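The values are calculated or read from the model by the stated rules, or taken from the named source; none is laboratory data. Note that the coordinates shown come from a computational prediction; the quantities given were computed from them, not determined experimentally. Quick reminder, even Gly has a Cβ in these numbers, built from the backbone with ideal geometry, and neighbours come from all protein chains shown. Just so you know, the surface numbers come from the protein's heavy atoms only, side chains and all, with ligands and any DNA or RNA stripped out. Shrake-Rupley method; radii C 1.70, N 1.55, O 1.52, S 1.80 Å.
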Amino acid sequence: MRSATLSILFFSCFLLSPFSTLTAQKSDEHPLPFISVDGNRFVDENGYEFRFRGVSSSDPGKLKEQGKWTLEYFEAIKSYNANVVRFPVHPSAWRERGQENYLKLLDQGIEWAGKLGMYVIIDWHSIGNLRTEVYQSEMYNTTKTESFRFWRTIAARYKENPVVAFYETFNEPTTYHGQLGTLTWAEMKKLHEEMIGIIYAHDKTVIPLVSGLNWSYDLSPVVENPIKYPGVAYVTHPYPQKREQPWEEKWQDDWGFVAETYPVVATELGFMSEDGPGAHVPVIGDETYGNAIIDFFEERGISWVAWVFDPQWSPQMFKNWEYEPTMQGKFFKEKMGELNK
Amino acid sequence: MRSATLSILFFSCFLLSPFSTLTAQKSDEHPLPFISVDGNRFVDENGYEFRFRGVSSSDPGKLKEQGKWTLEYFEAIKSYNANVVRFPVHPSAWRERGQENYLKLLDQGIEWAGKLGMYVIIDWHSIGNLRTEVYQSEMYNTTKTESFRFWRTIAARYKENPVVAFYETFNEPTTYHGQLGTLTWAEMKKLHEEMIGIIYAHDKTVIPLVSGLNWSYDLSPVVENPIKYPGVAYVTHPYPQKREQPWEEKWQDDWGFVAETYPVVATELGFMSEDGPGAHVPVIGDETYGNAIIDFFEERGISWVAWVFDPQWSPQMFKNWEYEPTMQGKFFKEKMGELNK
Amino acid sequence: MRSATLSILFFSCFLLSPFSTLTAQKSDEHPLPFISVDGNRFVDENGYEFRFRGVSSSDPGKLKEQGKWTLEYFEAIKSYNANVVRFPVHPSAWRERGQENYLKLLDQGIEWAGKLGMYVIIDWHSIGNLRTEVYQSEMYNTTKTESFRFWRTIAARYKENPVVAFYETFNEPTTYHGQLGTLTWAEMKKLHEEMIGIIYAHDKTVIPLVSGLNWSYDLSPVVENPIKYPGVAYVTHPYPQKREQPWEEKWQDDWGFVAETYPVVATELGFMSEDGPGAHVPVIGDETYGNAIIDFFEERGISWVAWVFDPQWSPQMFKNWEYEPTMQGKFFKEKMGELNK
Ligand SMILES: [Mg+2]
Ligand SMILES: [Mg+2]
Ligand SMILES: [Mg+2]
Ligand SMILES: [Mg+2]
Ligand SMILES: [Mg+2]
């Protein structure tokens, strides 16, 4: 039965016992109440509605590399009035840094966020086709098994930690117009459910976030074929150029209707001018888009997270390491200031 | 058609021709008769019933590392009155030592066992979910493809060798209460059948051993959905704490009933006191359990293999490298002495 | 949205941007017209029938290693009167050389072939069971995902290049009499279709070549269950010993009948004497076979490619690096001289 005892002597690669990564690492104090799903809303432990409005960090490993995965960085996010921070864990970064080292970064980030009163979304930041395991570019390469093992490790480690409110199982499912092979919603749904099953076997207090096809834009099949588990929320990434103006009716049909039944979180949105650094389709836009989408969210109780709190990845929230806001940085800072009270 | 010729010059990693591992390595003499399945019994070449009662070694690579994979070790097993030895090949050990080197260990062990009149079970010693490829801990990590390739290599090498009586396709299937994803018997059965098909394509004289869910404890679905191939036997690992006392009726319903139709081998069992080194659920027990389970086996013609002939892995059969027996060591040595005549 | 910008600084393994390999590398001039499928024939841009008769190179990486991947090698192929050259890309060679370096070899070969007026077939040269991912020997090891990614890379790079007329998705599907696990035509067809879908998402001007079971010999299931995509051609490898004489009726039933409905290319054939270097089943034969098969092809409009333009891999087309023809070398050189006008 038990062969673990000697494995420490014998299997040199097991010097770090696998179980060490599976231990929940709770902070001594949890400064935030648990959030859960109640119908199409998020509620706190007293049943009061809670809406998330915040930002995505860039990859924690990338920030660490630059000496920027610091309390100061989280204080800057707080100064932008966020109540949630999303950590996009790139599969390539997870492998390169090594699981043990990467987990330490997450531990730190979760602690800083919690102390500053902000919730955390852990996001498995791949883009592509998880069924065929062909991805948009090499940095997003992963496998079904690596994804399952990732969620097992994460769910065991941050079990019943209220700061870690969400697990976003797969950032952006897409076939890239067939270049990554075929993928139906029924197939992606089954993969989401595999991951959610593993998560829930460890922790029933966390909220899985479920993305649709078309780079996490399209939720239209959810109406007929929702995730089989309770307690989840759905995701959209409604960048300005996903649809032509006027947007509202299209947004409603593509994903807005889901908010009538389930909680919805736009875990990415953002805009920038065409001549900005790293500008690319579908993110080119301005405050016209910004106001339209925020109004659309607020009318429907949709939570949202702006992409991205970094001066290099685009669309940028700030221009330099003095955290001087860009166009969208100013816009979202002001909106969060008004709405996150 | 043939590109192998130059591959030796060209592909440096092919200096060891893949075909070299696929050659059957029979001993000059086979001191033991072939065993096969006849109804729910094992029979020898003359049709006489044969029952297996023996022990599991620890991982051959682990023993080699310690200088203990020796004829003396096999003589000690013989002195405990075993007629079969099970070799638990851990996937991580298989990869780390390298296939060619690991096969040499198996060659040696098979030769020593055969010379001492003991049969061999080769066991692919993984624990977890072979469908999702998520495992109990890192040492058990493998893939479907690695498992298929393992059985191809093993089945070709030990083809029609009567000493190598059994191939145990997958040690302990489990979902770990859902933490490793979902796995139904129908799914595991299909994976067993893939491995058995590969084995039988090489060797029709060997007996595949088939494990059920719940860490190889539960055979209840076999009644309605047995393996599609003839000539197999079923496995159970009925450690003391898998069920509360009184055990017999539960054992009968969980796996004992299978022995009415198919041969059954308990390829692991064992017990130790709560304060022994490495004691853990579900192995804590004493001779009350020992006598109950051996009686249960003998009444039904079930073969059995005690875990584990090692002084460190638990529950231990012996205390030190003088092979001084532990509590269960004394018990099983005596039982094998009585029953293996 | 965009994390690629900094990835060049941050992810050291991404110094070669993944997108660099996805750019079509057209020659400035395409000396050859596009070929497409029209019913059961290949036609050029003016609708005239075109038949392919040529040779397979050995692995481009193997030839490069030997200093033989040169314009002179392609001129020798031309001197044998070929109008098409097949490049068998061995998965192990693809990995060992590295994708970027291997693609440079393909770029060169395509350019040389095109300048000499010969078309190119790119062949993913694995042998075995793509479903179970167990292969005939190590050099053919690959995975479904590696295969999908290979075709994505290749299809993007040689997009709309008329010289690269064919993509042969998987060289030789086989279960090796069950030793590699089971594989039905329905399963292999689905895998071919996954690869063809990825190819067509990039390039609608190329012709996918589809192989059957039994080492790419058997096309009999195609009559009831053809590939779902238009524009494809089917493949056979009818070596002399695949069937006993008289061959014609068996060839007709096994694969010849397909040529009544779809274009067929025998992407491998060849013969050699029993005492030649590297002789092996099923390639032993002589000009009796050669004449029979070429007559069979020509009566049905079947294109063909002799294996293999190499003095070491067997059956050899030439004896030494003076390109002195072997028995089959003389035979095919003469046939191509007559027929390729
Ligand atoms: Mg939590
Ligand atoms: Mg071949
Ligand atoms: Mg045998
Ligand atoms: Mg994005
Ligand atoms: Mg082309």
In region A:208-226, which residues are open to solvent by 10 Å² or more (accessible area, probe 1.4 Å), closer than 17 Å to A:Leu191 by Cβ and not in a strand (DSSP E or B)?
-> A:Leu213, A:Asn214, A:Trp215, A:Pro221, A:Asn225, A:Pro226
Would you mind stating whether B:Gly276 is over 18 Å from the mean Cα position of the chain (by Cα), more than 24 Å from B:Phe148 (Cβ to Cβ) and open to solvent by less than 40 Å² (accessible area, probe 1.4 Å)?
-> yes
So which residues in region C:153-170 are closer than 23 Å to C:Ser216 by Cβ and facing chain A (nearest Cβ under 9 Å)?
-> C:Ala155
Could you list, in sequence order, all residues of region A:129-143 that are part of a loop (DSSP other than H, G, I, E, B), in contact with a helix residue (DSSP H, G or I) (Cβ under 7 Å, 6 or more places away or on another chain) and at the interface with chain C (Cβ under 8 Å from one of its Cβ atoms)?
-> A:Thr132, A:Glu133, A:Ser137
Could you pull out the residue among C:Thr267, C:Thr288 that is of a type in the set (Ser, Thr, Tyr) and surrounded by fewer than 19 Cβ atoms within 10 Å (Cβ to Cβ)?
-> C:Thr288
If you go through region A:268-283 one residue at a time, do you hit one that is aromatic (Phe, Trp, Tyr) and within 14 Å of another protein chain (Cβ to nearest Cβ)?
-> yes
Would you pick out the residues in region C:315-333 that are in a loop (DSSP other than H, G, I, E, B), closer than 19 Å to C:Val281 by Cα and either of a type in the set (Val, Ile, Thr) or open to solvent by 10 Å² or more (accessible area, probe 1.4 Å) (or both)?
-> C:Gln316, C:Thr326
Does region B:136-157 contain any residue that is open to solvent by 10 Å² or more (accessible area, probe 1.4 Å), free of Cβ contacts under 8 Å to residues at least 12 places away in the same chain and farther than 22 Å from A:Glu194 by Cβ?
-> yes
Using the structure shown, decide if A:Tyr239 is more than 19 Å from A:Thr261 (Cβ to Cβ), crowded, with 23+ Cβ neighbours inside 10 Å and at pLDDT 95 or above.
-> yes
Members of region C:67-102 found to be farther than 22 Å from C:Ser303 by Cβ and of a type in the set (Val, Ile, Thr), listed by number | C:Thr70
Mind telling me which of the residues C:Tyr200, C:Tyr167, C:Tyr176 ends up being open to solvent by 10 Å² or more (accessible area, probe 1.4 Å) and within 16 Å of ligand 5 (Cβ to nearest atom)?
-> C:Tyr200
Extreme residue, farthest from ligand 3 (Cβ to nearest atom), among residues of region A:149-167 that are under 22 Å from A:Arg95 (Cβ atoms), under 14 Å from the mean Cα position of the chain (by Cα) and not in a helix (DSSP H, G or I) = A:Val164
C:Asp107: in contact (Cβ under 8 Å) with a residue 60 or more places away in the chain, surrounded by fewer than 19 Cβ atoms within 10 Å (Cβ to Cβ) and on the phi < 0 side of the Ramachandran plot, yes or no?
-> yes
If we scan region B:292-306, do we find a residue that is within 14 Å of chain A (Cβ to nearest Cβ) and either modelled with pLDDT of 95 or more or within 20 Å of the chain's Cα centre (by Cα) (or both)?
-> yes
Right, A:Pro246: within 16 Å of ligand 4 (Cβ to nearest atom), assigned to a loop (DSSP other than H, G, I, E, B), modelled with pLDDT of 95 or more and under 16 Å from A:Ala292 (Cβ atoms) or not?
-> no
Counted residues in region A:51-77 being away from chain C (no Cβ under 14 Å) and surrounded by 18 or more Cβ atoms within 10 Å (Cβ to Cβ) come to 8
May I ask you to list the residues in region C:194-249 that are at positive phi and hydroxyl-bearing (Ser, Thr, Tyr)?
-> C:Ser216
Of the residues in region A:300-314, how many are touching a residue at least 24 places away in the same chain (Cβ under 8 Å) and open to solvent by 10 Å² or more (accessible area, probe 1.4 Å)?
-> 3
Filter result for the condition that a residue is within 16 Å of ligand 1 (Cβ to nearest atom) and closer than 27 Å to B:Gln179 by Cβ, over A:Met188, A:Met195 = A:Met195
Subset tally (residues that are in a loop (DSSP other than H, G, I, E, B), of a type in the set (Gly, Ala, Ser) and over 22 Å from C:Ala155 (Cβ atoms)) for region C:26-78 | 4
Identify the single condition in (1) more than 14 Å from chain B (Cβ to nearest Cβ); (2) touching a helix residue (DSSP H, G or I) at 6+ places or on another chain (Cβ under 7 Å) that C:Leu209 does not satisfy, given that it satisfies every other one.
-> (2)
Which of the following residues is more than 22 Å from C:Glu338 (Cβ to Cβ), in contact with a helix residue (DSSP H, G or I) (Cβ under 6 Å, 6 or more places away or on another chain) and not in a strand (DSSP E or B): C:Tyr229, C:Tyr262, C:Tyr234, C:Tyr289?
-> C:Tyr229
Within region A:176-199, can one find any residue that is away from ligand 2 (no atom under 16 Å from the Cβ), closer than 29 Å to A:Ala82 by Cα and either assigned to a strand (DSSP E or B) or charged (D, E, K, R) (or both)?
-> no
Consider B:Val264 carefully, then state whether it is modelled with pLDDT of 95 or more and within 14 Å of another protein chain (Cβ to nearest Cβ).
-> no
Sole miss for B:Thr182 among (1) polar (S, T, N, Q); (2) more than 14 Å from chain C (Cβ to nearest Cβ); (3) touching a Ser or Thr at 6+ places or on another chain (Cβ under 7 Å); (4) open to solvent by less than 10 Å² (accessible area, probe 1.4 Å) is condition (4)
List pairs: first in region A:271-299 and of a type in the set (Ser, Thr, Tyr), second open to solvent by less than 20 Å² (accessible area, probe 1.4 Å), Cβ under 6 Å, 6+ apart or cross-chain?
-> A:Tyr289/A:Pro240; A:Tyr289/A:Phe271
Starting from region C:80-99, keep only residues that are more than 10 Å from chain B (Cβ to nearest Cβ) and of a type in the set (Ser, Thr, Tyr), then list their pairs with residues that are assigned to a strand (DSSP E or B) and open to solvent by less than 10 Å² (accessible area, probe 1.4 Å) whose Cβ atoms are within a distance under 8 Å, requiring at least 6 positions of separation or different chains.
-> C:Tyr80/C:Val55; C:Tyr80/C:Phe309
When every residue in region A:203-226 that is away from ligand 1 (no atom under 16 Å from the Cβ) and in contact with a strand residue (DSSP E or B) (Cβ under 7 Å, 6 or more places away or on another chain) is compared, the one nearest to B:Tyr176 (Cα to Cα) is A:Val210
